Structures are given as C-alpha cells and as structure tokens.
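The values are calculated or read from the model by the stated rules, or taken from the named source; none is laboratory data. These numbers were taken from a predicted model, which means no experiment stands behind them. Every residue, glycine as well, gets a Cβ built from its backbone with ideal geometry; the counts of neighbours run over all protein chains shown.
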Amino acid sequence: QVQVVESGGGLAQPGGSLRLTCTASGHLISFNNIGWYRQAPGKERIMVAIITNGGSAYYVDSVKGRFTISRDNLKNTVYLQMNDLLVEDTAVYYCNAAWKYGGSGSEYDTWGQGTQVTVSS
C-alpha cells in the first residue's frame, strides 16, 4: 500500500502561521514530486506548492512570499510553512505524492485525506 497522511491543520487568525506536514510511505516505492493542493467551498482544487526530488519549488502566485515548501527525502516527508495567513487561505489542504515501483516504470499518484485550515478572526 501507498499511504499519504497530512497533519497540522487547524484554526489561525489572519496574519498567523501554521505548518502542515505530509508523510508518504510504501514498500519498495520511490517517491517523486510531492505537492500541496487546496480546495475551498464551491471552488476547484488548485495546486498551492509542489517540490521536486531535487528540491525545486513552485507556488501559486497568491501564496508566493508567504508559504514555503520543503522536504526531507529520507523521511519522505514534505512540509508547508504558511505565514501571514489570509482569510482567503481557508480550505481543505491535500497532499499528493507521485511515485513509482522501484526507480522506473509507470508513475502513479496518491492523495491524502486532507486537513482543514481555517483562517478567521
């Protein structure tokens, strides 16, 4: 089985901070790009930040300068540090991990269950 588990969501005030954690696991699995996505009520799921195996990070424009994605390849863990939170950041945040069996072959991906982030005064 490939499992993706998120944690760290909760309630924060505007201007506050939260750190989300995504841990991916699987027997004989090689993980590739891992990203954070979010979905607000009534809106489509969008990519928030993604990080490659080499450590290159990409962000949606609305979070640039406020969010930072990082990864620990040994632990297959990705973090999303969210600073200067806005009410507009309120959403369910999902982690998506791309992976292969071993180091080659077809690529698959697995979603986590999501963690709620609520920004409110």
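Of all residues in segment 108-121, none that is closer than 21 Å to Glu88 by Cα has its Cβ atom under 6 Å from the Cβ atom of a residue that is in a strand (DSSP E or B) and of a type in the set (Lys, Arg), 6 or more apart or on another chain. Taken over segment 26-68, the criterion of being in contact (Cβ under 8 Å) with a residue 24 or more places away in the chain and among the hydroxyl-bearing types (Ser, Thr, Tyr) is satisfied by Ser30, Tyr37, Ser62. Taking the residues in segment 1-48 that are among the aliphatic types (A, V, I, L, M) and under 20 Å from Val60 (Cα atoms) as candidates, determine which candidate is farthest from the chain's Cα centre (by Cα). Filtering segment 1-48 for residues that are among the aliphatic types (A, V, I, L, M) and under 20 Å from Val60 (Cα atoms), the one farthest from the chain's Cα centre (by Cα) comes out as Ala40.
On the basis of being closer than 15 Å to Val4 by Cα and at pLDDT 95 or above, does Thr77 make the cut? So Thr77 fits the description; yes.
If the condition is being in contact (Cβ under 8 Å) with a residue 60 or more places away in the chain and closer than 14 Å to Ala49 by Cβ, then segment 69-97 contributes Tyr79, Leu80, Gln81, Met82, Asn83, Tyr93, Tyr94, Cys95, Asn96, Ala97.
Is it fair to say Val48 is of a type outside the set (Phe, Trp, Tyr) and touching a helix residue (DSSP H, G or I) at 6+ places or on another chain (Cβ under 7 Å)?
Working: of a type outside the set (Phe, Trp, Tyr): yes; touching a helix residue (DSSP H, G or I) at 6+ places or on another chain (Cβ under 7 Å): yes.
The answer is yes for Val48.
Being surrounded by fewer than 16 Cβ atoms within 10 Å (Cβ to Cβ), β-branched (Val, Ile, Thr) and out of contact with any helix residue (DSSP H, G or I) (no Cβ under 6 Å at 6 or more places or on another chain) is the requirement here; does Val2 meet it? Taking the combined requirement at face value, the residue satisfies it.
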